[in-house]
1. Working carefully through the options ILE32, ILE62, ILE103, ILE19, find the one that is modelled with pLDDT under 85 and under 14 Å from the mean Cα position of the chain (by Cα).
2. Going residue by residue through segment 75-90, is there one that turns out to be touching a Gly at 6+ places or on another chain (Cβ under 8 Å), surrounded by fewer than 17 Cβ atoms within 10 Å (Cβ to Cβ) and not charged (D, E, K, R)?
3. I'm trying to understand the selection: among the residues of segment 35-59, which are of a type in the set (Lys, Arg) and at pLDDT 90 or above?
4. Kindly establish whether SER51 is small (Gly, Ala, Ser), under 11 Å from the mean Cα position of the chain (by Cα) and surrounded by 13 or more Cβ atoms within 10 Å (Cβ to Cβ).
5. Determine the pairs where a residue that is free of Cβ contacts under 8 Å to residues at least 60 places away in the same chain, located within segment 15-29, has a partner that is among the β-branched types (Val, Ile, Thr) and surrounded by 18 or more Cβ atoms within 10 Å (Cβ to Cβ) with Cβ atoms under 9 Å apart, the partner being 6 or more residues away or on another chain.
6. Against the conditions (1) among the charged types (D, E, K, R); (2) surrounded by 13 or more Cβ atoms within 10 Å (Cβ to Cβ); (3) farther than 19 Å from TRP5 by Cβ, where does GLU98 fall short? Just the number, please.
7. So which residues in segment 35-46 are farther than 13 Å from ALA104 by Cα and not hydroxyl-bearing (Ser, Thr, Tyr)?
8. Can you tell me which residues in segment 89-107 are among the hydrophobic types (A, V, I, L, M, F, W, C) and not in a helix (DSSP H, G or I)?
Amino acid sequence: MTCDWVLEYLYRDAGNYKIYGAAFFGGALSQIGHKNLQAALIDGLYFNPESLGLRPLRDELIHQFGTSDDDHHWHEWLEFRRSTAAEQNLQPEMSTVELLQRIAASSKNLRC
């Protein structure tokens, strides 16, 4: 399977330190599927990557800067875009169909 889609996301801690990440997906995605992804997010922006089987970025910031009682698990969904020619050679983490299924199955769990 080739990498067809890229999700760019970030974690911003209580001190406003940020770390960026990306997840890669293979397969087709209709306009309706794309809207379903956005609709499942909290306020159209926030999600918990662990509930979708994606890599949480939070731990990397905790490792670098420590933790605060005000830190949270929410990550920001920045962009879901077509992959570039260079990214198409990357191994997708899952198919777009599987991502949509995980979002549908865990939409109530997206809230941390």
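1. ILE103
2. no
3. Answer for segment 35-59, where residues must be of a type in the set (Lys, Arg) and at pLDDT 90 or above: just ARG55.
4. Answer is yes for this residue.
5. From residues that are free of Cβ contacts under 8 Å to residues at least 60 places away in the same chain, the pairs are ALA22/VAL6.
6. Only one criterion in (1) among the charged types (D, E, K, R); (2) surrounded by 13 or more Cβ atoms within 10 Å (Cβ to Cβ); (3) farther than 19 Å from TRP5 by Cβ is unmet by GLU98, namely (3).
7. ILE42, ASP43, GLY44, LEU45
8. Once the filter is applied, which keeps residues that are among the hydrophobic types (A, V, I, L, M, F, W, C) and not in a helix (DSSP H, G or I), segment 89-107 yields LEU90, MET94.
The values are calculated or read from the model by the stated rules, or taken from the named source; none is laboratory data. No experiment lies behind these values; they were computed from the predicted model shown. Methodologically, a virtual Cβ is constructed for each residue, glycine included, from the backbone with ideal geometry; neighbour enumeration extends over all protein chains shown.
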